[in-house]
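Values quoted throughout were computed directly from the atomic coordinates according to the rules given, and no laboratory measurement underlies them. Predicted model only: the values in this text are computed from it and were never measured. Don't worry about glycine lacking a Cβ; one is built from the backbone with ideal geometry, like all the others, and counts go over all protein chains shown.
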Amino acid sequence: MPDFLTEAQALFDYTQSLRRDFHRHPELGFQEVRTAGIVAKELSSLGLEITTGVAETGVVAVLDGGKPGPVVLLRFDMDALPIAEETGAEYASQNEGVMHACGHDGHTAIGLTVARLLHRHRGELSGTVKLIFQPAEEGVVGQKGMGGAEQMMDEGVLEAPNVDYALSLHLWNEKPLGWLGIAAGPVMAGAEYFKIVVRGKGGHGAVPHASLDPIVAASHIVTALQSIVSRNVAPLETAVVTVGSIRGGEAFNVIPPEVAMTGTIRTFEPGVRKTVLERFEQIVHGTAEALGCSAEIELKRISPAVVNDTSLAAIVQAAAQTVFPETAIDTANYVTMGAEDMAFIMEKVPGCYFFIGSANAEKGLDYGHHHPKFDIDEAALPRAAALMAQAALEVLKG
Ligand code: NI
């Protein structure tokens with residue numbers, strides 16, 4: 001049995017220098033040209049069969065084990081965010097206004113380290129490992145720069161060879177270094193984007209009776225939407241309905257003709273999702289009409305919920321126990337309403353998505369994901385690589 005933790009720690013300088021290099025040179029979704037070039041070069045240097053340009057900048061590598069068996073896909077995301085970095089780190093972003101504020105620089109470095117570890121032990125693998133380096137996990141709906149997982153699937157990443165299982169991970173700054181979160185069932189929420197346009201009839205602010213005021217209607221809609229979670233979703237279930245932007249009007253004394261709002265809905269269970277979406281439409285249209293206005297809704301699914309397969313989660317938990325015999329694995333207390341496009345892959349094949357604690361409050365490395373001061377304790381990198389390598393080995397064994 002390989003000792004992946006010792007081996008990953010011996011590769012620490014390699015992993016850290018990659019991570020810092022990616023951190024200095026962050027790239028937004030579908031623009032990860034430099035990052036993908038380094039990924040391809042590193043994977044090629046191992047003699048792996050690689051495909052580049054999958055979903056524009058994605059890279060896929062296939063590692064055949066010494067024995068026959070299933071195919072496990074390991075997914076690592078590569079993209080950064082449109083955030084101006086404020087860490088002041090020696091390896092801070094040199095690409096102004098773009099930052100690795102979610103830890104995907106670490107994920108890419110972890111993936112390349114996993115490739116090395118598994119390549120070294122390929123004779124012990126019962127099956128095939130398909131490593132995928134994905135563009136555009138983050139992004140803004142309606143803008144180019146998100147949807148990397150779906151596009152890689154459209155381009156056949158789950159075929160040739162056909163994928164049986166899928167694993168992915170996230171460095172997690174909500175929890176300290178040393179913590180591991182591996183759970184069965186839903187771990188990240190399904191997410192929708194919505195836009196509502198409320199239309200009325202504009203007019204003079206001093207002559208309201210001759211207008212149909214979309215600002216008043218929009219205000220009632222925002223308030224009424226709060227009743228979905230409090231009155232329609234069962235108390236032991238969860239959902240989020242957030243209106244995140246509201247825009248209407250230019251002048252203090254003019255009733256505008258329309259108001260536009262955008263927001264997000266998050267749910268775990270398909271039944272809850274259905275209820276929330278039905279009530280959402282009823283409330284928006286009904287409230288607008290009751291106030292003499294009309295409403296138009298645009299709804300887009302960002303991603304389904306990330307739901308871990310029960311038997312795969314058990315295998316990853318056992319792998320974690322092998323690598324970290326002293327660590328108590330958190331199997332419950334971290335489920336997040338954040339979204340993740342790995343969910344699309346895990347709708348098609350059984351998978352497990354797990355979390356590696358990466359915060360260190362004493363070193364000031366405990367800002368949340370997407371914060372301009374976000375940074376991780378790099379000691380999490382070899383831990384993550386060792387666990388992913390062990391999990392892949394165990395999943396192939398079945
Ligand atoms: Ni992320």
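To the nearest 10 degrees, how steep is helix 214-227 against the longest Cα principal axis of the chain, on a 0 to 90 scale? Between helix and principal axis, roughly 50 degrees. Compute the separation of the alpha-carbon centres of the stretch 256-276 and the stretch 20-74 and state it in Å as a whole number. With the stretch 256-276 and the stretch 20-74 each reduced to a Cα centre, they are spaced 36 Å. Legend: ranking of residues V307, V60, V207 from fewest to most surrounding C-beta atoms inside 10 Å; resulting order V207, V307, V60.
Amide H to amide H, with H built 1.01 Å from N, S303 comes under 5 Å of A191, counting only residues 5 or more places away or on other chains. The dipole here belongs to the chain: it is taken about the Cα centre, uses +1 on the Cβ of Lys and Arg and -1 on the Cβ of Asp and Glu, and is about 480 debye. Here the residues S211, S294, S168, ranked from fewest to most Cβ neighbours within 10 Å of their Cβ, fall in the order S294, S211, S168.
Using Cα atoms only, what is the angle between the long axis of helix 270-290 and the major principal axis of the chain, expressed in degrees (0 to 90) to the nearest 10? On a 0 to 90 degree scale, this one is about 20.
Comparing mean-square fluctuations of S311, S17, S45 from a GNM of the chain with C-alpha springs under 10 Å, the top value falls on S45. Residues K397, K130, K300 in ascending order of nearby Cβ atoms (within 10 Å, fewest first): K300, K397, K130. Each of Q282, P257, S294 was scored by the projection of its Cα onto the charge dipole of the stretch 257-349, and the greatest displacement toward the positive side belongs to Q282; charges sit on the C-beta of Lys, Arg, Asp and Glu.
Restrict the search to the stretch 261-364; then list the GluC sites (Glu not before Pro) that DSSP places in a loop and that have at most 12 other Cβ atoms within 10 Å of their Cβ. Walk me through the numbers before you get to the answer.
Details: sites: E278, E281, E289, E296, E298, E326, E340, E347, E362; in loops: E326, E340.
In loop regions of the stretch 261-364 (DSSP not H, G, I, E or B), the sparsely surrounded GluC sites (Glu not before Pro) are E326.
For the stretch 191-302, a simple Cβ point-charge model (Lys and Arg +1, Asp and Glu -1, everything else neutral) yields a dipole of about 180 debye relative to the Cα centre. With unit charges on the beta carbons (Lys and Arg positive, Asp and Glu negative) and the dipole taken about the Cα centre of the chain, which residue among A109, V33, A184 sits farthest to the positive side? Of A109, V33, A184, it is A184.
Note on the chain: GNM, Cα springs under 10 Å; of N95, N360, N308, the largest mean-square fluctuation is that of N95.
For L180, the residues whose modelled amide H falls within less than 5 Å of its own, excluding neighbours fewer than 5 places apart on the same chain, are D330, G357. Across the chain, C-alpha contacts under 8 Å between residues 6 or more apart give a mean separation that, scaled by the residue count, equals a relative contact order of 24 percent. For the chain, find the longest principal axis of its Cα atoms and tell me its angle to the long axis of helix 12-24, 0 to 90°, nearest 10. Tilt of helix 12-24: around 30 degrees.
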